[in-house]
Amino acid sequence: VLVRDLSGFRQIFSIKGYLHSIVYNLTANAIKYRSPARAPRIEVTTRLAPTEAQLIFRDNGMGIDMQKYGRKVFNLYQRFHLHVEGKGLGLYLVRTQVMALGGRIVLNSQPDQGCEFIVSFPLDAIQPA
């Protein structure tokens with residue numbers, strides 16, 4: 001199930017290829033690392049915070065042990081679930097592109113509880129709803 005609520009803001013003024021890559025990689029990871037114990041659910045929302053515009057991706061997948069891997073999660077060639085094919089480039093690429101756009105990314109996650117990625121952009125990058 002894909003649930004989206006993009007009512008927080010209408011547009012992001014950005015580099016289209018970077019934004020596409022960010023959305024694609026975070027969505028693809030949610031699908032790739034879905035939990036075998038439940039039907040996958042991905043939520044994509046936007047919201048305005050006092051100093052930034054946020055694009056939020058939540059899933060109910062396998063999650064990541066942030067106490068164990070939190071410092072490494074956005075590093076190059078890092079993999080945390082070895083039963084799925086990958087090279088460990090996706091989250092590194094996402095972080096690099098977010099930073100190039102003047103933003104930041106935060107991951108909240110626990111094993112078997114899914115992931116929440118909060119991608120924040122400067123307010124001047126968006127058009128309010």
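Here, each number is a calculation from the coordinates, and none is a lab measurement. Because the structure is predicted, anything quoted here is derived from the model rather than measured. Heads up, the Cβs are rebuilt from the backbone with ideal geometry, glycines too, and the neighbour counts pull from every protein chain shown.
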Cα axis of helix 90-100 to longest principal axis of the chain: angle in degrees, 0 to 90, nearest 10? 20 degrees
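Counting only DSSP beta bridges with both residues in the chain, what percent are antiparallel, rounded to the nearest 5?
For the chain, the DSSP antiparallel bridge percentage is about 85.
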What is the sum of charges, Lys and Arg at +1 and Asp and Glu at -1, for the other residues whose Cβ falls under 13 Å from the Cβ of Q97? +3
Protection-proxy order for peptides 30-38, 91-99, each taking the mean of Cβ atoms within 10 Å per residue, highest first: 91-99, 30-38
Computed on Cα atoms only, the convex hull of the chain has an orientation-averaged projected area in nm² of 7.7 nm²
Of the candidates Q110, Q11, Q54, which one comes out as most mobile in a Gaussian network treatment of the chain with C-alpha springs shorter than 10 Å? Q11
Rounded to 10°, Cα long-axis angle of helix 16-32 versus longest principal axis of the chain: 30 degrees
How high is the FRET efficiency between R38 and N75 when r is their beta carbon distance and R₀ equals 22 Å, given to the nearest 0.05? 0.15
Among 56-65, 13-22, what's the highest-first ranking by average C-beta atoms within 10 angstrom per residue? 56-65, 13-22
